[in-house]
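A quick write-up on the structure given underneath.
The values are calculated or read from the model by the stated rules, or taken from the named source; none is laboratory data. As the structure is a prediction and not an experimental result, all values here were calculated from the model. Here the Cβ is made from the backbone with ideal geometry for all residues, glycine too, and neighbour counts use every protein chain on show.
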Amino acid sequence: MSAHQILFTPLTLPCGKVLPNRIVKAAMEENMSGANLLPDHNLFSLYRYWAHGGLGAIITGNVMVDKHAMTGPGGVVLDENSPLAPFVEWSRVMSSGGSLAIMQINHPGRQVFKSVNDYALAPSAVNLQLGRYSKQFAQAREASCDQIYTIIRQFVTTAARAKEAGFDGVQIHAAHGYLLSQFLSPRVNQRNDQWGGCLANRARLLINIVSEVKAKCGNDFALWVKLNASDFQRDGMPPEEAREVVAHLNKLGVDAVEVSGGSYESPAMQGRTGDDAPLSKEAYFADFAAQIAAIAEMPVMTTGGISRLPVATSIIESGCSMVGMASALATTPDLAKKWQENPEYRGVILRCNRKDRTLASLITMSMVRRQLRRLGNDLSTLRNPSELWSLLLDTAHRAKMTRRYKSIVGSRNS
Ligand SMILES: Cc1cc2nc3c(=O)[nH]c(=O)nc-3n(C[C@H](O)[C@H](O)[C@H](O)COP(=O)(O)O)c2cc1C
């Protein structure tokens, strides 16, 4: 069978769940939660487009395990007190076209905007270094052992409740410089207890969460992990260590590993690294993912810079089992269907290429999130949105979400 044919054939995960094909919508934080940080009609409308877009699986934007630790003010939270009905409806919409419904679950660690919370738990008290933007981020505070155990419980609770709500699985976010990725990184994790130092210690939090989620949710629930191929930063987690982490995950019955890279300090997931390491122009992490697939016992997917069918098939040829796309599916939610009708169809990846990496990253996110909000309001997407106008709209939306978040949660200072 050709790689093209394989891409459109079903894939059975180790847990027994079946993806109707191997094209996956990767996580995109929508920043569009409804009242009380729950999914509502806007998110349901958005996800209906993907549900009928011919995808094998759909991964939600990151859902927070703790309402006091948010990647953004309009995030969705699923904790022990969240009512389940909105999540039941969300999973129902996501599954309505036959795709698997996977919830990504996350804790931001130190990558928290100060406007949302001025206090952020992290492996160590090492603040984000983003030049003139650093001041916009919360002070990082070293988590105590008790706080680390609380975080493990929070991930397990969210995963168990996702299962209860009808999701086919969860994806644990251990990439992009969020908490679990911070623990893995020797640059951010400067602890000298059992949670820091050697890789086995730095990976302990991720391994514990994976093991406990597996024990709680059982073998018929899909457990995915999103991992950096490398942090692409001086003193960050290198590619050899990423492969070692996958070797650990091999023993834990993980159903899939998604390979990405980078963090706020080094936005490799947008094709630009902090250490100036070169990435491919398209499919940024394809080579790293192929190396990981060679040692992984579970299916491997890679995401980043994919918008054309020939690139997707080359990823399957290189040994990966799934192809992940985020931005291209924001503008063209039925891209997988379009590829089947016309293999030459080119998806759009909205990117801002300004010299200032952080500003470029903010603008890129604004342009993509604008598409998500438009779909959520049943408006058509824009193939060429204005950078400045998208940034202004996103800034206004974030300010509104921040005010609402504060009125719901208040801020935690200790
Ligand atoms: C608006 C936006 C929000 C994102 N939110 C998340 C997220 O919640 N979780 C995650 O793992 N990655 C997130 N990403 C990163 C994507 O999943 C993906 O790794 C990255 O955009 C590269 O893929 P692409 O080139 O197909 O967009 C986000 C990307 C964008 C553009």
Scanning region 9-49 residue by residue, the ones that are closer than 21 Å to V257 by Cα and either touching a Gly at 6+ places or on another chain (Cβ under 9 Å) or not in a loop (DSSP other than H, G, I, E, B) (or both) total 19
Scanning region 211-255 residue by residue, the ones that are small (G, A, S), crowded, with 19+ Cβ neighbours inside 10 Å and free of Cβ contacts under 8 Å to residues at least 60 places away in the same chain total 3
Of the residues in region 281-296 that are modelled with pLDDT under 95 and over 17 Å from the mean Cα position of the chain (by Cα), the one that is surrounded by the most Cβ atoms within 10 Å (Cβ to Cβ) is E282
Next on the checklist: Taking the criterion of being free of Cβ contacts under 8 Å to residues at least 12 places away in the same chain and away from the ligand (no atom under 16 Å from the Cβ), would at least one residue in region 360-380 satisfy it?
Outcome noted: yes
When every residue in region 6-40 that is more than 16 Å from the ligand (Cβ to nearest atom) and either modelled with pLDDT under 95 or within 25 Å of G410 (Cα to Cα) (or both) is compared, the one surrounded by the fewest Cβ atoms within 10 Å (Cβ to Cβ) is A35
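Out of the residues in region 152-177 that are under 17 Å from the mean Cα position of the chain (by Cα), in a loop (DSSP other than H, G, I, E, B) and among the hydrophobic types (A, V, I, L, M, F, W, C), which is farthest from the ligand (Cβ to nearest atom)?
Going through region 152-177, the residues under 17 Å from the mean Cα position of the chain (by Cα) turn out to be 155, 158-159, 162, 167-177.
Then keep just the ones that are in a loop (DSSP other than H, G, I, E, B); that gives 167-168, 175-177.
Next, only the ones that are among the hydrophobic types (A, V, I, L, M, F, W, C) stay: 167, 175.
Details: F167: 15, A175: 6 Å.
By that ranking, first place goes to F167.
Which fully enclosed helices (runs of 4 or more DSSP H) of region 305-414 have 2 or more residues being surrounded by fewer than 18 Cβ atoms within 10 Å (Cβ to Cβ) and among the β-branched types (V, I, T)? Let's see the steps before the verdict.
Details: elements: 309-317, 327-331, 335-341, 357-376, 387-409.
In region 305-414, 387-409 are the helices (runs of 4 or more DSSP H) which contain 2 or more residues that are surrounded by fewer than 18 Cβ atoms within 10 Å (Cβ to Cβ) and among the β-branched types (V, I, T).
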Among S124, S115, S134, the single one that is in contact with a Pro (Cβ under 9 Å, 6 or more places away or on another chain) and either polar (S, T, N, Q) or not in a loop (DSSP other than H, G, I, E, B) (or both) is S115
In region 85-104, anything surrounded by fewer than 24 Cβ atoms within 10 Å (Cβ to Cβ) and within 14 Å of the ligand (Cβ to nearest atom) is listed as Q104
From the option list P299, P278, single residue qualifying as modelled with pLDDT under 95 and either away from the ligand (no atom under 15 Å from the Cβ) or closer than 15 Å to V259 by Cβ (or both) is P278
Flagged pairs (Cβ under 8 angstrom, 6 or more apart or on separate chains; first in region 141-159, farther than 24 Å from A101 by Cβ; second of a type in the set (F, W, Y)) are R141/Y119; C145/W195; I148/W195
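The rows are residues; the columns are (1) in contact with a His (Cβ under 8 Å, 6 or more places away or on another chain); (2) among the aromatic types (F, W, Y).
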| site | (1), (2) |
| --- | --- |
| G169 | no, no |
| I207 | yes, no |
| W224 | no, yes |
| R234 | no, no |
| E240 | no, no |
| V259 | no, no |
